[in-house]
Each structure stands twice: as structure tokens, then as C-alpha cells.
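Written out below as C-alpha cells is the structure these notes cover.
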Amino acid sequence: MINKRIIYIALALAWLSSCNNNKTDNTIIQSVRPVKYIKVGTSNLKGQHSYTGLAKAQQEAGLSFKVGGTVSSINVKVGERVTRGQSLASLDATDYQVNYTQSLASVENSKAQIESAQAQLENAKINYGAAEANYKRFEKLYETNSISISEFEQAKSSFQGAEASYKAAKTQVEAAQAGQKSSESIARSASNQVSYTRLTAPFAGVITRINAEPNELVGQGSQVIEINSLGNPDVEIGVPENAISEIKNGQNVQVTFNSLRELTFNGRVHEIGYSSAGTTYPVTIRLTDNDERIRPGMPANATFTYGEHQASEPALLVPASAVGEDDKGNFVYLIQSTNNNYVCKKQIIQVGKLMDAGFEVLAGVKNGDLVASAGLNVLSDGMQVTLYQKK
């Protein structure tokens, strides 16, 4: 009985001791989060913005035959340089040549028909003239009662028949001439069909793709060969909507390529897209420096230097990582010192332009303020922090 009481007392003392230890631990342990920060400073907004894009030829063309047929020859290879008008490929033109030959025969036949119609017209004209003269003579004789009415009617009938024959002959000549024009038009079309079986280079360039092989049947309009122009290439980039208004035609740009890191090329803005392509606006930069190592499709970086086209205005800047956004707008966490401690204060701000160095702040902070520059998702208003120091 005594042993059981001793055991109960020992367990009770152990439980009380455990409660006191837990209370002491909860009171002593307290975590204060270190936070990275920056001091708000001013800038004149002169800086640089870089956008990624791809090199592209100034001229690109996907070439196709205007007629369908069987490919008889491909005269170039991928990567081959060609001159304007150079033969690139051809189709079997046998059927088109037959049609052209037949159309030429039709033209010759129409010419013969014109000659025959013109000869008939000439004869009809002579007969018409003689009949007209005879009719007029008989008309005067009839008026003086020198001939009978039957003789006069016969002369009149002959004249009317000759006149009708003359008009019919003129109509036949006109029809024959129209037939000749139609035959010549058909012949020209047939000649064009023959020429369409030959594919030539529209400009000097380099062959970048071939999509057909000899003896392959291709349809009208099917792309057979792709050609890109030589010379200074263009660079096409996408500029976000909040920066597109800063881009001007003729603006100087510096371009670098991932494969040519040691070189910087000069260029100018050539075209600015009016409508967006997704979330950005297309801008075309034309390089003024030439290098044969630059090829279409190469990744590029275009750097714009601002201040060249806009006024220099001192402004407060904070890095983009320091700016958050909620249903009330953009905000930062000010870091304020109180009683030798640092506390976060959520501050709503008004932002302006986005520069490479960060957002321009129009209102909400002042020069020299400390703001949290990272980890905004784990901070809260009134939270106690320490300043993160790099070791």
C-alpha cells in the first residue's frame, strides 16, 4: 500500500515538472525573421532596356509553282547562294507544251480565216458598189418612165441583196478578228503555263529549305523551296505594352547574339507593330553592321538606351522584387525602427514607368526609406524583423 502511494506521488511531481518546463520554453523561444532590404534612391530615368528576339532575313519567300505537275529537276541545295532569276526547279512541261503548240495552230487558223473573210468582204464591197450604181441609174430611168416597174424592182432587189452580203461579210471579218484575239489570248495563257513549270529566284539569296524531290507530284501553290535574302539581317523582338510608347522609328539599338557574345552590332528601329501579338508588340530592328555569321533564327538581345529620346527627370526607384500588388494596388513593406527594433509597415504606393533598375515610384515613399527587397509573401504589416546582413 505504501509503495503504491510513493509511486503516485513520484508521477505527480514529474507531471508538474514537465508543465513548468513547457511554460518556460514557450516564454523564452521567439523567432524574428531577417529580411533583405534596400534604401530608396533617386535616378534620372536614363537607363537601358533589353528585349529578346530572333534574327530574320529582310526578305523571306516560300516559292511554289503556279501550276501542278511532276518535278523533273531540283537545281539547288539547301545553303546554296543564288542570284536573281537563277533557275531553281522545274516541272515536266510536256502536257503544257502540247497545249501551247495546239494554241499556236489555232492562232494560224484564225489568221487564215481573217484572210478569207477579208477577201469575201472585198468582193462583196465591189458587188455592193456596182449594185448601188445600177440602182441609182434605174431609179432615174423609172422617174422618167423610161423603164418598167418590174425592171426597177429587180434593180432595187439586187442592190438590197448586195448590201446585205456586204454587211454580212463585214460581220464575218469582225468575227474572224475576234476569234484571232481569243486564239492569241489562249496562246499567251498556254505560253505562261509552260513558263510556270520553271521556278526562278525572285531575289539574290540563300536556299533555306527544299520541300520536294525529283519525280514527286506537287500541287499548284504547294511550297517547294524557301529562300532568304542575303545582306544585313533584321531582328524581330517583342516589346510589352508599358514600354512600346518609348520606341521610336529610327531609334538607335545595340544588338548582341548568344552565339557571338564578344560582338555588339548597331541597328535602328525599322518597323513598330501597331497591334499586339499576344502580350507584346512586334518591333523590327534593321542592323547597320554586317556579319556573315548572323543567320535567321539566331536568338538575339536588343538593348535600348533611354534618355536619348526622353527628358531626364529625377525620380525615386525601387526594384521590381520590392513591389507587391493586392486588391488595393501596389505596395511595399517599409522597414521602420522602433525601440531598437525593426518593424514592417505595409505602404500603398503609386508606380510609374518600369525601368531595368525597377519601378519609378510617384507617391508613397521618400528618398532614404528602407524597404524590403525580397520575401514579400512571408511578410505582414506590423511584423518584427531584423536587417539581413551578408556575411
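Using just the C-alpha positions of the range 94-195 as equal point scatterers, what log10 of I(q)/I(0) does the Debye formula give at each q in 0.13, 0.16, 0.18 1/Å? With no solvent term, the Cα-only Debye profile gives -0.60, -0.73, -0.82.
Once backbone amide H atoms are built at 1.01 Å from N, L54 has E236, A300 as its partners under 5 Å, excluding neighbours fewer than 5 places away on the same chain. Between S321 and A112, residue separation times 0.36 nm minus the direct Cα-Cα distance comes to 66.4 nm. Remark: the range 262-270, residue by residue, has Karplus-estimated 3J(HN,Hα) of 7, 10, 10, 10, 8, x, 9, 5, 9 Hz, where x stands for each Gly or Pro and the curve is 6.51 cos²θ - 1.76 cosθ + 1.60 at θ = phi - 60°.
Here is how the number arises for the chain: DSSP H runs of 4 or more residues each give -39500 (n - 2.57), the sum is divided by the residue count, and the result at 222 nm is -11500 deg cm²/dmol. When you restrict to C-alpha pairs under 8 Å that are six or more residues apart and normalise by the size of the chain, the relative contact order lands at 27 percent.
Taken one residue at a time, the phi angles of the range 234-248 give Karplus couplings (6.51, -1.76, 1.60, θ = phi - 60°) of 9, 10, 10, 10, x, 10, x, 5, 7, 10, 5, 5, 7, 8, 10 Hz. Gly and Pro are set to x.
Counting only residues at least eight positions apart within a chain, or on another chain, the aspartates and glutamates with an alpha carbon under 14 Å from that of K111 are E174, E184. If you run the Gaussian network model on the chain, springs between alpha carbon atoms under 10 Å, then out of T94, T52, T256 the most flexible one is T94. With respect to the cross-link table entries K346/K366; K328/K353; K39/K346; K140/K170; K140/K167, which display a Cα-Cα separation exceeding 22 Å? Distance filter (> 22 Å) returns K140/K170; K140/K167. The H on the amide N of L88, modeled in the peptide plane, is under 5 Å from the matching H of L199, T200, A201, each at least 5 residues off or on a different chain. Return one number: the angle in degrees, 0 to 90 and rounded to the nearest 10, between the long axis of the Cα atoms of helix 94-143 and the longest principal axis of the Cα atoms of the chain. Taking the Cα atoms of the chain, the angle to 94-143 is about 40 degrees. Per-residue Karplus couplings for the range 179-185, computed as 6.51 cos²θ - 1.76 cosθ + 1.60 with θ equal to phi - 60°, are listed in order as x, 5, 4, 5, 5, 5, 5 Hz, Gly and Pro entered as x.
Amide hydrogen proximity for G68: with H placed 1.01 Å from N in the peptide plane, the residues at 5 or more positions away or on another chain lying under 5 Å are Q220.
Taking the Kirkwood radius as Rh and the Cα radius of gyration as Rg, the chain has a ratio of Rg/Rh equal to 1.47. A simple packing score, the average count of other Cβ atoms within 10 Å per residue, orders the peptides 294-300, 282-288 as 282-288, 294-300, with the highest score first.
Laboratory data are not the source of any read-out in this text; all were calculated from the coordinates shown. Remember, it's a predicted structure, so these values are computed and weren't measured experimentally. Every residue, glycine as well, gets a Cβ built from its backbone with ideal geometry; the counts of neighbours run over all protein chains shown.
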